Structures are given as structure tokens and as C-alpha cells.
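Read-outs throughout are calculated quantities, based only on the coordinates presented, and are distinct from any laboratory measurement. Here the structure is a predicted model, which is why all the values come from computation and not from measurement. Neighbour counts are summed over all protein chains in view; Cβ atoms, including those assigned to glycine, are modelled from backbone coordinates with ideal geometry.
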Amino acid sequence: MSGKFVVGYDGSVSSRRALEFATDRARAQGGTIVLVHVLEWSPYSFLTPGELEERHKRRREEMARAEEAIMTTVVAELKDAGVPVETMVRYGNIAELLGKIAKDINAVQIVIGRDGQSAIGARVFGSVAGALVQTSPVPCTIVP
Amino acid sequence: MNKGRISALMSAAGLALAGVPAQAQSIDETVNQIFASSTGWFVNLIFSNLPGTSFPWIVAWLVVGATVFTFYFGFIQFRAVGHAISLVKGDYSDPNDAGEVSHFQALATALSGTVGLGNIAGVAVAVSIGGPGATFWMILAGLMGMASKFTECTLGVKYRNEYADGRVSGGPMYYLTKGFAERGVPGGRIMAVLFSIFCILGALGGGNMFQANQAHQQIAGVLGDYPGWITGLVFAGVVFAVIVGGIKSIARVTEKVVPFMGLLYVGTALIIIAMNADQIGWAVGQIFAGAFTGLGIAGGMVGALIQGFKRAAFSNEAGVGSAAIAHSAVRTKEPITEGLVSLLEPFIDTVVICTMTALVIIITGQLVAGPDGNYLLNEAGTAIQTVGGTSGVGLTSAAFGSAIGWFPYILAVAVILFAFSTMISWSYYGLKAWTYLFGEGETTELVFKVIFCIFVVIGAAANLGPVIDFSDAAIFAMAVVNIIGLYILMPIVKRELDSYMRRLKSGEIKKFE
């Protein structure tokens, strides 16, 4: 079965572990890795007029930077390892977007890492892992 | 360093400090004199009455404009409210455009530029001079102004500049030049230059000095009197840090706190109105009776009408052209969508927030009435007597304070934040006009930003009556140029609107899942 594994990736150590976990599974099953990098963004945030003017420019820069700094190196590594890979850079809420993408591309699984937030931290700021466990449309693996 | 030198230095510093207020005083007087003598003609011209009446022509100009747009676009402000709300919610925004400027963000930014002292101080002035009836005319002007806002913001997006490096900016300067050229009407360039000059003056005056001045009055009212230049320097320092130093965190905090303050203000007003629920019928009666009879105020019905219209225009800036600058960076393929979103702005600003202020002042009984039910005038005969002899922000503060004792402190904080966010917005509007005239470039922009900060100090330092008159006149002068432009360009907006509405109806324009 050649399923798609959606991996939430931000370059951190924990997301790196998630990627390794997913890569092993994908290689064994002949599946594909869909590497997703989400830039946190809300259309309801508040900006100054100057920031509005520069928003389009900044967005272009942020996406280019994410592509270059985070994705390019990983894609090369995965290609070397013989696992097919697709990349996506998106703006929005991490948990919501990962779920939506997994649904849209018929993924078999979502794999994310977790950064071991304290219980209070997670309660106050919310945790991606927590939200995804509740809302994911496909099975979800959280790699510690 | 020996002791003698230190003490000499300290006394020199002391002298310098002591000298500053005295100097500031004389500077204020000088500035007042120069301004009064050189700009008086301009102020008189803008605020002069229509021949044979006591009705300022500029107020008529704004009202006629709003009325023309209301009819020309078939009461767009009532037809399209539901669709405007869907647009703000993002129902029609492409999810792939996430990370770009949303309709909500453009609206919120424009609102934080207009919601300010006009809603708190301006309304108090309107009600104390024009009586409760001014509220009726203010609401009517707010509703009509929605059509002006719709027209200018559609044009702002349609003729905006999208630069190669990805920046997006627009405003009346651009639609006046590009739009006039498209219609083959000469003079677009001259109109744009005139608009830019008035916009810079308005930015330094109403968008800066007036705000700094009122913020200082408010702080001094809570902390006790102290020299205004101190407030001015602090404000100027913070504004400088944001617009020159690029310290976005300060602006970001303000942008987050301002909407919260707005909600708190409206929420508190609603609570006070609910506390006096039995008075609501009476207050509404006063508003309607006052609107058509004046209830004994100076100038009667016409006085109420002028005050209501004037303060609504000050507050929501519909027809002035400033909002077109703020709204133009939105991500949309259809300029009309931003026009529709922008028509919510006068509604929130004037019909909701200003009305709350007016109702609280009326309902808490701040205006003193005689035994015959007519209002009593103050000694000078210029305004209605108030319970504590207050006016402006002080009157609003007293009204809220009479119901909730500690609220004036919150109000003081709100006034400072509103003033600050209005200054940040206007510094941008002014800068755009400045770069239109003098070209873009770091040095040119820095010159304007430094001038802007200097005017913060001047504005806070003293009661600069003539300067403030002048800056109000400059803001209205923007409307003279802008509305002429809107008349000439409105067929273009009409074409856009008809095409958009047709496609919306046929289902060609759909909601995104």
C-alpha cells in the first residue's frame, strides 16, 4: 500500500524525530512523505497600516525562507534515503491545517512530534498535539 | 571631577529644566500668534456659513456628498450589510491566500485609526452644544457616511500601487491621478497634490496635535496638573520608537489592546444604560424631540443638526479619504469587496460607539434642564449647563463616573491608547502623502517622521486653539478635494458594483468551503 504520511515539520528536534519515525514507516510500506511546514497565522490578528502595506512582501520572504532553510535540506536527505517526498508551506493554525491537508490528500496518517510542554503551558497556550488528537480525520501518531 | 563642578553642572541642569516651561510658554504664544494670523483666513474659509444662513458650507458639502452616494448606489449601506459581514468573516476569501491581509485586518486597522477621541470627546461636545437632538443627526450622518466610505475605499483598492518588491499601497492621491486619466478628465495630478498637502496638515493636526493635547488633558485630570511638554516628550519618544525605530512590539500591543478597550467602552456603556433601563424611553424621546425642536438650545434645531453632522464627520472621517489609504492593502481580486467591508466602519464608529457615549451622557442626567423641560445654557450662553461644569472628555468621564465610580481611570487609559493608535495611523497617512509629493527614500521619510514627532510635543505642550482649528480645517479640506474626485469617479465604482453583484447572484462568485 502506498499511503501518504503527513508530517508536521518545523525544523525542531522533536519534529525531526517525527520525520525519522515516518520515514521508516514510509520506506517499509513504499509510501510517500508529505512534509508540511505551517507558519502560525490568524486572519483576525491586528496589524498597523505600515504592516498591512508590507504584508504581501513579508509573506513572500517568509515562504522563501521556510522553503530554503527548512525544507530544501530535508528533501535532499529523504531523496537520498529513497523515500518520495512532497512539501507544503502554509499559513494558518497548525492543528487545523494538518488535519485539513490529511483529509484533502487522503493521507493514511499524520505524524507530529511534541516538545514536552508542561501541563500548565499546554492549558494556557493550547498544544498542537492535544488539538490534533481531538480533531484529526485520520490516525495520528505523536512521537515523543 | 570635583564637587564644585558637579554642583555647577547640577544647577545648570536645574536652570535648564526650570527654563523649559517658561520657554515652552513663550513658544506656544509665538506659535499661536503665527498660526492665528497666517491661517485664520483658511479656517474662516473652510468653516464659513452658507450665504444668509448659520450653516457651515463644509458640513453641507459632506452631507450632500453622502446623500448623492447613498442614492446613486441604491442604498448600498442597507442592501449589502449581510454580504459585508460574510466578507469580514472570510467566507469569500481563498484559503490559499492565508498570510495575506484579510478583510478583517484591513477593517480593524482602519477602525483603530478612526475610533478615538472623536467618539469620546467629540460626542460630548456635540451633545453639550447641540443638545440630545444632535445624537439623531449624528446617527443619520453616520448611516449616510457609509456610502461615502464605500465609494472611496473601492477606488482606493482599484487604483492602488503594487510595487515590484511586494508592497501594496493606495489612497486618494493614486485614484485621483490614475482614475482621472482613465476617464480622460484633466487635473488629476493637481487634485492629488492638493489632497496630499491637506493630508499632511491634517495628519500633523487632527491626527497628532489634537490627540496629544487631549491625551495630556486626560492624564493631567487624573494625576493633577503638570507641564504638557512632559507628556509630549514621552508620547513623542514612544511614537518615535515605533515609526522610526521600527519597534513593532509596541504597536502590536496597542493594536491588540485598542479593540479590547473599544469593547470594554461599549460594554460599560450598555451596563450603565441597562442600570437606567427605566430612563431609556425618556432619553430616546429627548433625542427625537431635540432633533426637531432643539429643546431650547442655542441655535435650535439647526444647531442640533450642525453639531450632529459635524461631529459624525470628525469621528468617522467618511468622505475625507483617509480610510482609502488604510483599506487599500487588502488581498482581494474584487475592489468592490473592500468597499463593502469599509461601509461597516462608520456604522461601528458612529452609529454604535458614538451613540453609546451620547446615551450615557443623556441618561445619567449630566445636562441641566430647567423646570419647563428646556435645557439651561451656561453663563457664556455657548453650551448647555452640565452638572459639574464639565465639557469634552471631562463630560463623558463625569457621565461614566456618576454610574461607575472607578471608570474614569479606565477611560483615561482608553483615551491614551485611542490617541496613540490614531497617531500611529495618521503618521502613516501623512507619510504616504509626503512620499507622494517628495518621492520615496529613507531620508525623505525620516524627515517627515521626525517632524511628526516634534508636533506631538508641540500638541501636548499647550492649548493651541488656532492650530487645532487649522488642523480640523485641513482634514475637512481633504474632503473637499476627495469628494470632487468621488463625484467624477463614481461611474467607475457603479460599473464595478453592478458587475460584482451580477456575478454574486449568478453564483460565479462563491463562498469557499
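Points worth noting:
- Chain A: angle of helix A:13-29 to the longest principal axis, Cα-based, in degrees nearest 10: 40 degrees
- With the biggest extent put first, the Cα atoms of the range A:17-98 measure 51, 24, 17 Å across the principal axes.
- Amide N of the range B:91-116 lying under 17 Å from the label point, which is placed 7 angstrom from the Cα of A:Glu61 along Cα→Cβ: B:99-101
- Alpha-carbon radius of gyration plus Dmax, which is the widest Cα pair, for the range A:4-143 in Å: 15.7, 52
- Neighbour cut-off at most 15 other Cβ (10 Å), DSSP loop, GluC sites (Glu not before Pro), the range A:7-85: none
- Computed per residue of chain B from DSSP H runs no shorter than four, each worth -39500 (n - 2.57), the mean residue ellipticity at 222 nm is -24000 deg cm²/dmol.
- Applying 1/(1 + (r/R0)^6) with R0 = 51 Å to the Cβ-Cβ distance of B:Ile280 and A:Asp80 gives a FRET efficiency near 0.10.
- Think of the range A:4-143 as having a plus end and a minus end, set by charges on the Cβ of Lys, Arg, Asp and Glu; of A:Val34, A:Ile105, A:Asn93, A:Ile105 sits farthest toward the positive end of this dipole.
- Using alpha-carbon coordinates, inclination of helix A:49-66 to the longest axis of chain A, degrees: 20 degrees
- Rounded to 10°, Cα long-axis angle of helix A:94-104 versus longest principal axis of chain A: 50 degrees
- Inter-part distance where the range A:58-86 and the range B:266-316 are each reduced to a Cα centre, Å: 61 Å
- Per-residue mean of foreign Cβ neighbours for B:97-110 is 6 (Cβ atoms of other chains, 10 Å radius).
- Length gained on full extension, B:Val64 to B:Trp41, computed as 0.36 nm times the residue gap minus the Cα-Cα distance: 5.8 nm.
- Reduced Cα scattering model of the range B:157-208, Debye log10 I(q)/I(0), q = 0.14, 0.18, 0.25, 0.27 Å⁻¹: -0.43, -0.66, -0.92, -0.96
- Rel. contact order, % - alpha carbon contacts under 8 angstrom, at least six apart, the range A:4-143: 35 percent
- Rounded FRET efficiency, nearest 0.05, which uses the C-beta distance separating B:Ser54 from B:Val368 and R0 of 25 Å: 0.55
- Cα gyration tensor category, rounded, prolate or oblate, for the protein assembly as shown with a/c compared to 1.5: prolate
- Relative contact order of chain B: 33 percent, from C-alpha pairs under 8 Å at least 6 residues apart in sequence.
- Hydrophobic, long helices, defined as DSSP H runs whose alpha-carbon span along the helix axis is 30 Å or greater and whose mean Kyte-Doolittle value is at least 1.0, occur in chain B at B:248-275, B:407-438.
- Remark: the protein assembly as shown carries a charge dipole of roughly 840 debye about the Cα centre, counting +1 on each Lys and Arg Cβ and -1 on each Asp and Glu Cβ.
- Tensor-based shape of chain B (alpha-carbon gyration tensor, a/c under 1.5 rounded, otherwise prolate or oblate): oblate
- Trypsin sites (Lys or Arg not before Pro) within the range B:481-513: DSSP coil, no more than 15 neighbouring Cβ in 10 Å: B:Lys510, B:Lys511
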